[in-house]
Structures are given as C-alpha cells and as structure tokens.
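The values are calculated or read from the model by the stated rules, or taken from the named source; none is laboratory data. Bear in mind that the values here come from a model prediction, so they are computed numbers and not experimental data. These accessible areas exclude ligands, DNA and RNA; they are computed on the full protein's heavy atoms, side chains included. Shrake-Rupley method; radii C 1.70, N 1.55, O 1.52, S 1.80 Å.
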Amino acid sequence: QLGAAVAQAQALTQQYPEAFIIWNILGAAKKGLGKVQAASEAFKKVTELNPTYADGFNNLGVTLQKQGKLEEAIEAYNKALAIKPDYAEAYNNMGVTLQEQGKLEEAIASYNKALAIKPDYAEAYYNMGNALQEQGKLEEAIASYNKALAIKPDYAEAYNNMGVTLKDQGKLEEAIASYNKALAIKPDHA
C-alpha cells in the first residue's frame, strides 16, 4: 500500500515539516513506487533536517545511484560512513556504485569492509561475486556465490549468476543445474 503510505506521509509532512523520520518514510514509499527522483528529494530533506542520520545519507545514495549520479551517491555513502563507520549496508551500496563506475578493485574492497562488519551479509558476497566474475576471476566468484548461498539458500539471483560463471568456465551441466536451482526458487525468473 505504498500509494497510501505516500499520501499519509505527505499529509504528515505538512503537519510536521521538521520531522525527518516522516520524510524518510515518504522517500522509502516513493522509491518503492519507482519514483526515484521524488524519493531522492525526500531523502535530501531528511539529511538537511538531521545531518547526523546515517540512514538518510545511505538512502539518498541509493536513489542517486539509481539515477546514474554515481559521484553524488558515493559522497552520500561517505557521509553515512563518517557518521556511522560500522555501516555495512553503506559499504555494500558504495561497492555497487563503484562497480557501476568500473572500479572493480575499489568495489571489492568496499564489499570486504561490509563483510568485516557483517560476516553473514549474503548480498555483499553476491555483489562481490559479480565483481570477481567481471574481472574474470571465475573460481573466486563461484566461492563468493557459494558463501552467499550458505547464508541465504533461497537466493535465486546467486544461483543464476553462478550459472553464468559456470557457463563461462565451460561447465555447462553444472551451469544448467545452477539455473534449475534458481528457477526452482523463483519460477518466473526470466
């Protein structure tokens, strides 16, 4: 009911314009509706109202990254990390943004920082696997996907990308098995 959440949050921002948490909810609901620009504006308001709220900067970074504003996204993640140095999600999100810039070594370093803080972070292992695969480090990529799957056994995307990596190695039967596991979890995974 994201539309209803947006309507309620907008009404509350009129009533309580300084309540950063309401702006954060508004941003999250708009992001959920795919209104990334509007979500970004709400998260920017969050960071203006409360410049010590690390989640606000992380959320802003995610929406900036989705808009292709990669340098601005990294600035937002760095602000989140300056406030909260043990923020695994911000390191993971920064890694995704660095990877999108083609900075694979920096991305992997960022994923490693996330994993040092939160060793059971399946998404960071998955993202690291993607970066390693992009580098052509296929065995390391598979090891990273396996770590993600050990933590989150129903991670269809990890099985899918492991299948891609196995295919790249010429291990077609294993790749098919991995794709089938992805499809067993998520039958509509095109």
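Numbers below:
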{"item": "Under 19 Å from residue 181, Cα to Cα: lysines that are on another chain or at least 8 residues apart", "result": "147, 152, 167, 171"}
{"item": "Kirkwood hydrodynamic radius of the stretch 18-101, from inverse mean 1/r over distinct Cα pairs, in Å", "result": "12.2"}
{"item": "The stretch 24-37 - phi-based ³J(HN,Hα) in whole Hz, Karplus 6.51/-1.76/1.60, Gly and Pro as x", "result": "5, 5, 4, x, 5, 5, 5, 4, x, 7, x, 8, 5, 4"}
{"item": "Residue-normalised accessible area of the stretch 88-167, expressed per residue, 1.4 Å probe, Å²", "result": "41"}
{"item": "Relative contact order of the stretch 97-190, defined on C-alpha pairs under 8 angstrom at six or more residues apart (%)", "result": "19"}
{"item": "For the stretch 77-86, Karplus couplings with θ = phi - 60° (6.51, -1.76, 1.60), whole Hz, Gly/Pro x", "result": "5, 4, 5, 4, 6, 5, 7, 9, x, 9"}
{"item": "P(r) weight above 24 Å for the chain, C-alpha pairs, percent", "result": "48"}
{"item": "Rounded to whole Hz, the Karplus (6.51, -1.76, 1.60) HN-Hα couplings of the stretch 41-47, x for glycine and proline", "result": "5, 5, 5, 4, 4, 4, 5"}
{"item": "Heavy-atom accessible surface of the chain: percent carbon and sulfur, 1.4 Å", "result": "53"}
{"item": "Tilt relative to the chain, helix 122-134 - C-alpha long axis, 0 to 90 degrees, to 10", "result": "60"}
